[in-house]
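Novice: First the structure, then my questions, so here it is.
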Amino acid sequence: GANKTTVFKMSIDSDPGSVEVLFSNISYNIIGLAYSQARDRVFWADAQADIIYSSKLDGSDARQIAEEVRMPDCLAYDWISEVVYWTDGSSNTIEVVSWEGNYRNIVVSKLDKPRGLALHPRRGQMFWTEWGLKPGVTMASMNGANQRPIITDNIAWPNGITIDYSMNKIIWVDAKLQKVESANFDGTDRTVLQEADVRHPFGATLFGKDVLWTDWYRKSVEAANKDDGSGRRTVYSGLKQPMNIFAMSKKEKSTDCDSALIPLL
């Protein structure tokens with residue numbers, strides 16, 4: 001995960017809550033974060049420098065892959081096409097760049113404060129949150145076509161969003177309504193997973209049978225069962241404004257994870 005100047009790895013399985021700093025102070029305002037297991041590279045956005053970088057997990061071999069990105073709140077990696085997507089809350093777009101930085105394109109434009117982004121490369125679909133005048137969750141093809149709002153009611157400030165690939169569901173966090181919710185890809189079977197003592201959730205990811213989210217107010221990483229919200233617990237606390245979180249695995253690309261990356265302030 002990350003907290004604006006530091007990216008660290010948090011063990012979930014072998015030694016829950018233990019933290020290892022991967023790199024620090026090579027960027028000043030790290031927000032978005034993504035990871036390529038095949039390339040063994042982490043991608044992060046520096047909102048102060050307006051640049052998206054790629055590096056090895058220890059921060060070495062850092063390269064710029066996109067410039068003038070303004071407000072890159074969330075990054076997502078397509079492991080099939082090997083490209084990085086991101087939301088830009090300033091230009092109100094979703095853009096894509098190849099992992100090496102030699103191809104870039106605007107996929108979706110004219111959005112209203114896009115924030116969270118999640119990809120389903122096998123289905124060629126993506127989901128994103130917007131928290132402007134008409135907040136909600138939208139689904140579209142990964143080329144930006146076939147846009148379809150799927151969550152439009154009882155939603156106010158949706159931040160992070162993640163995909164449960166095994167159950168064909170999305171899970172998102174809402175910082176104003178202070179909830180963690182899930183729904184089918186078409187918006188049906190909407191379920192409140194957590195609303196007790198959820199203060200300011202920002203990033204979200206999956207780890208095995210749990211959804212994990214960062215909470216700015218609680219300065220923590222929280223977890224609960226992804227299906228029914230049971231087993232709520234604090235995985236790690238004492239963080240200063242934890243941003244996005246991405247769970248990764250030595251075995252799988254998506255769900256069976258054993259550690260998490262978090263940017264920290």
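The values are calculated or read from the model by the stated rules, or taken from the named source; none is laboratory data. Note that the structure is predicted; figures quoted are calculated from it, not measured. All Cβ positions, even for glycine, are placed from backbone atoms using ideal geometry, and neighbour counts span all protein chains on display. Side chains included, ligands, DNA and RNA excluded: accessible areas come from the protein's heavy atoms. Shrake-Rupley method; radii C 1.70, N 1.55, O 1.52, S 1.80 Å.
Novice: Within the range 137-168, work out how many residues are farther than 24 Å from VAL97 by Cβ and open to solvent by 10 Å² or more (accessible area, probe 1.4 Å).
Specialist: 12
Novice: What residue, among those in the range 244-265 that are at pLDDT below 55 and part of a strand (DSSP E or B), is surrounded by the fewest Cβ atoms within 10 Å (Cβ to Cβ)?
Specialist: SER259
Novice: Taking interchain pairs and intrachain pairs at least six residues apart, which have beta carbon atoms under 6 angstrom, with the first residue in the range 138-152 and under 22 Å from THR191 (Cα atoms) and among the β-branched types (Val, Ile, Thr) and the second part of a strand (DSSP E or B) and open to solvent by 20 Å² or more (accessible area, probe 1.4 Å)?
Specialist: If the second residue must be part of a strand (DSSP E or B) and open to solvent by 20 Å² or more (accessible area, probe 1.4 Å), the pairs left are THR138/PRO149; ILE150/MET139.
Per-residue answers, yes or no, for (1) surrounded by 15 or more Cβ atoms within 10 Å (Cβ to Cβ); (2) touching a residue at least 40 places away in the same chain (Cβ under 8 Å); (3) of a type in the set (Val, Ile, Thr):
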| position | (1), (2), (3) |
| --- | --- |
| ASN29 | yes, no, no |
| ASP40 | no, no, no |
| ALA45 | yes, yes, no |
| ILE51 | yes, no, yes |
| ARG63 | no, no, no |
| GLU68 | no, no, no |
| LEU75 | yes, yes, no |
| ASP88 | yes, no, no |
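Novice: So how many residues does the range 207-243 have that are at pLDDT below 75, open to solvent by less than 60 Å² (accessible area, probe 1.4 Å) and either touching a Leu at 6+ places or on another chain (Cβ under 6 Å) or on the phi > 0 side of the Ramachandran plot (or both)?
Specialist: Number satisfying all stated conditions: 2.
Novice: On to the next question. Taking the conditions exactly as written (farther than 21 Å from ARG115 by Cβ, modelled with pLDDT under 90 and either assigned to a loop (DSSP other than H, G, I, E, B) or not small (Gly, Ala, Ser) (or both)), does LEU22 satisfy them or not? Lay out the reasoning, then the answer.
Specialist: Numbers: farther than 21 Å from ARG115 by Cβ: yes; modelled with pLDDT under 90: yes; either assigned to a loop (DSSP other than H, G, I, E, B) or not small (Gly, Ala, Ser) (or both): yes.
Yes, satisfied.
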